[in-house]
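Each value in this text was obtained by applying a stated rule to the coordinates, not by laboratory testing. Owing to the predicted nature of the structure, the values given are computational and were not obtained by experimental measurement. Methodologically, a virtual Cβ is constructed for each residue, glycine included, from the backbone with ideal geometry; neighbour enumeration extends over all protein chains shown.
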């Protein structure tokens, strides 16, 4: 792979001309985020901010903001990303625990003041304060052994006090189990991870993400034991924050500008910080909330392939699937080779029922490119009638990030935009002969 950790990957990116350095002094309140926002485009480079006001620790962002950089992380060409991701994901390697002697260069246990140590950013105009957005949260159920590893928003409330948003999934189950037992819950937040370890944290699965991280990297993930809590975390982490969540104690988390494009406020669990450990010359990594590119890489790709794999297992006629950019994974487009008229609706409803975050499902024929929204809209406009091809299902569990839900419930929409099997000729797609297109491409290539 050619690198071992985040710093090694950044060196690789710089050698490929895919990383820029900002040397101007920038305020961690809004100014760093503003640059990241401007770089949130299809070809935006990774960026290191070397001079963040009040801090010696540099900030890095947009690390996995393009498919080219994700391919570099895997050490392959971007054309083979889907197949390579699934192959490695489905070949997990159990992690190896190094021991309590972590070898951390900096250990802070006393008089912890997070904002004096770490350049935590404030992103939006009306955010309640600084938020950690690129940290991976580790939890473990003391009784069942169930582990959680995910990216969650974390608000700095005080010098050694935080709020962590644990809205759903395995993390929420572990939190609820500890609260029912009246127990403190150990928590660790790892910042500045190997890019494929970070990618594994974004995968939509209840399985062992530590094992998946090893599979993606091609070698077991090396873990170290925390200093003050009974958890193991990746040794590669630049920064680790350790703490404990008291049972039933919550505080106001927000407002914070979420990926939905709105400010959302919750009552979230409180974390009492017990230690901060760092490597020598650490780097603080961030993910821009709701970024069109990096968020689409981290979550869009991993969730896309996972959901495609799940639905194909139940409906083999499904060909491809994608999430519509900008919808925070709530709108999905599915293509298929349908065998009967009711099949597209069944497939769309499967997606809606299986995943609470999916709100709208559009099903098209396999002659439609799901990644081309113009083709998708063309299929809806010419192959769909609202009275017979649209289903609305009320009262289903919705995404906690959707500000339009009421009492946790939403209405979901299934759109069948497939052509009738009995009228295949009428709905044949217009096309230019492939041999003519091939010659045209050759001519245009020479002209360019």
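Of the strands (runs of 3 or more DSSP E) lying entirely inside the stretch 51-144, those containing at least 1 residues that are under 25 Å from residue 261 (Cα atoms) span 59-61, 136-140. Does residue 300 meet the test of being farther than 24 Å from residue 159 by Cβ and touching a residue at least 12 places away in the same chain (Cβ under 8 Å)? Yes. The conditions of being surrounded by fewer than 20 Cβ atoms within 10 Å (Cβ to Cβ) and assigned to a loop (DSSP other than H, G, I, E, B) are not met by residue 282. Counting the residues of the stretch 9-50 that are assigned to a helix (DSSP H, G or I) and more than 26 Å from residue 256 (Cα to Cα) gives 7.
Taken over the stretch 176-191, the criterion of being assigned to a helix (DSSP H, G or I), touching a residue at least 60 places away in the same chain (Cβ under 8 Å) and surrounded by fewer than 19 Cβ atoms within 10 Å (Cβ to Cβ) is satisfied by 179 alone.
Residues that are surrounded by fewer than 22 Cβ atoms within 10 Å (Cβ to Cβ) and touching a strand residue (DSSP E or B) at 6+ places or on another chain (Cβ under 9 Å) within the stretch 312-321 comprise 312, 315, 317, 319, 320, listed in sequence order. Of the strands (runs of 3 or more DSSP E) lying entirely inside the stretch 210-277, those containing at least 2 residues that are within 22 Å of the chain's Cα centre (by Cα) and surrounded by 21 or more Cβ atoms within 10 Å (Cβ to Cβ) are 232-234, 239-245, 250-257. Identify, please: which residue in the stretch 148-175 is in a helix (DSSP H, G or I) and without any contact (Cβ under 8 Å) to a residue 40 or more places away in the chain and is, among those, farthest from residue 401 (Cα to Cα)? Top of the filtered list is 174.
Residue count for the stretch 39-73, restricted to those that are within 19 Å of the chain's Cα centre (by Cα), more than 17 Å from residue 17 (Cβ to Cβ) and surrounded by 21 or more Cβ atoms within 10 Å (Cβ to Cβ): 1. Residue pairs whose Cβ atoms lie under 7 Å apart, sitting 6 or more positions apart in sequence or on different chains, and linking a residue in the stretch 109-127 that is under 15 Å from residue 154 (Cα atoms) to a partner that is in a helix (DSSP H, G or I), are 120/114; 121/32; 121/33; 123/33.
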